[in-house]
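The values are calculated or read from the model by the stated rules, or taken from the named source; none is laboratory data. Note that the structure is predicted; figures quoted are calculated from it, not measured. FYI the Cβ positions are ideal-geometry reconstructions off the backbone, even for glycines, and counts take in every protein chain you see.
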Amino acid sequence: MRSPIRFLRLSNRRFCTQAKCSLTQDHILRCRYGWRKWDLDGDDHLSRSTFITIGKKVAALNGVEFTKDFEEKCHNTWTAWGTAPDGSVGEKTTWEEFQPIIISLIENAETTRQACIEANSAIFDWCDVDGNGTMEKKEYTAWQQALGTSVEDAEVGWADLNPENADVITRLRFTTYATDFFFSKDTDHGPCKNFYGKLPTDLDSHPHELTDPNRK
């Protein structure tokens, strides 16, 4: 079975040299907003250490121990986000480095979308703290709170993920929404727009305040 992360690394090397971009500015801003949700200190850098911090918050909000297994899931999720165009995985990345990657994946969706859905299983495994293979509302809400989302805005996200009002959602539902939050080219941002909680109307603003004003 192929590794979706390895496939996406190869795709990054292949497609990121392409200059074309049919994405609208609003679409790019939505992608940046989703990327910035992970940037807790608001400095427009993502880092492996921040993903560990988020993982610890997810564990605490679920009332479980932050085990070595839990930490490994943080590293797996970081691999999905921290892969550079050359296929390497560093300790930090910036939006400027990530933007051409996500644009190339979206522009080549026929080739890359399914691999992205599979790669987003790393996030699902992280959120599914009881490991039963389904996502409960409390697990989704805890993850969103760890990303700084209010409970009220998380309610909007869960309602979109779970229109049937079932007790749980499947891995496929979660990973598809995680992918199509970025991939949708709908002018209204599409049915997955609230995956990271209620999508704000102002996508120019950072969802997290800069905690250190000396860092730009």
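Any chance segment 145-164 includes a residue that's touching a Cys at 6+ places or on another chain (Cβ under 8 Å) and closer than 22 Å to Asp41 by Cα? No, there is no match, as no residue in segment 145-164 is touching a Cys at 6+ places or on another chain (Cβ under 8 Å) and closer than 22 Å to Asp41 by Cα. Working carefully through the options Thr67, Thr77, Thr50, find the one that is out of contact with any strand residue (DSSP E or B) (no Cβ under 8 Å at 6 or more places or on another chain) and free of Cβ contacts under 8 Å to residues at least 12 places away in the same chain. Only one candidate passes the filter, namely Thr67. Checked against (1) farther than 28 Å from Asp186 by Cα; (2) surrounded by 17 or more Cβ atoms within 10 Å (Cβ to Cβ); (3) not small (Gly, Ala, Ser), Cys127 passes all but condition (1). The number of residues in segment 31-47 that are in contact with a strand residue (DSSP E or B) (Cβ under 8 Å, 6 or more places away or on another chain) and aliphatic (A, V, I, L, M) comes to 1. Which one of Tyr140, Tyr177, Tyr196 is crowded, with 20+ Cβ neighbours inside 10 Å, closer than 28 Å to Phe70 by Cα and in contact with a Gly (Cβ under 6 Å, 6 or more places away or on another chain)? Within the list Tyr140, Tyr177, Tyr196, the selection yields Tyr196. Just so you know, in segment 38-75 the residues that are touching a His at 6+ places or on another chain (Cβ under 8 Å) and of a type in the set (D, E, K, R) include one that is farthest from Phe183 (Cα to Cα), and it is Asp41. For segment 25-50, filtered to residues that are small (Gly, Ala, Ser) and outside any helix (DSSP H, G or I), the residue that is farthest from the chain's Cα centre (by Cα) is Gly42.
Against the criterion of being surrounded by 18 or more Cβ atoms within 10 Å (Cβ to Cβ) and at pLDDT 95 or above, Ala115 does not qualify.
One residue stands out in segment 56-82 among those that are more than 17 Å from the chain's Cα centre (by Cα) and of a type in the set (Phe, Trp, Tyr): the one that is farthest from Trp35 (Cα to Cα), namely Phe66. Kindly check whether there is at least one residue in segment 51-68 that is at pLDDT 85 or above, farther than 24 Å from Phe195 by Cα and assigned to a helix (DSSP H, G or I). Yes - at least one qualifying residue is present in segment 51-68.
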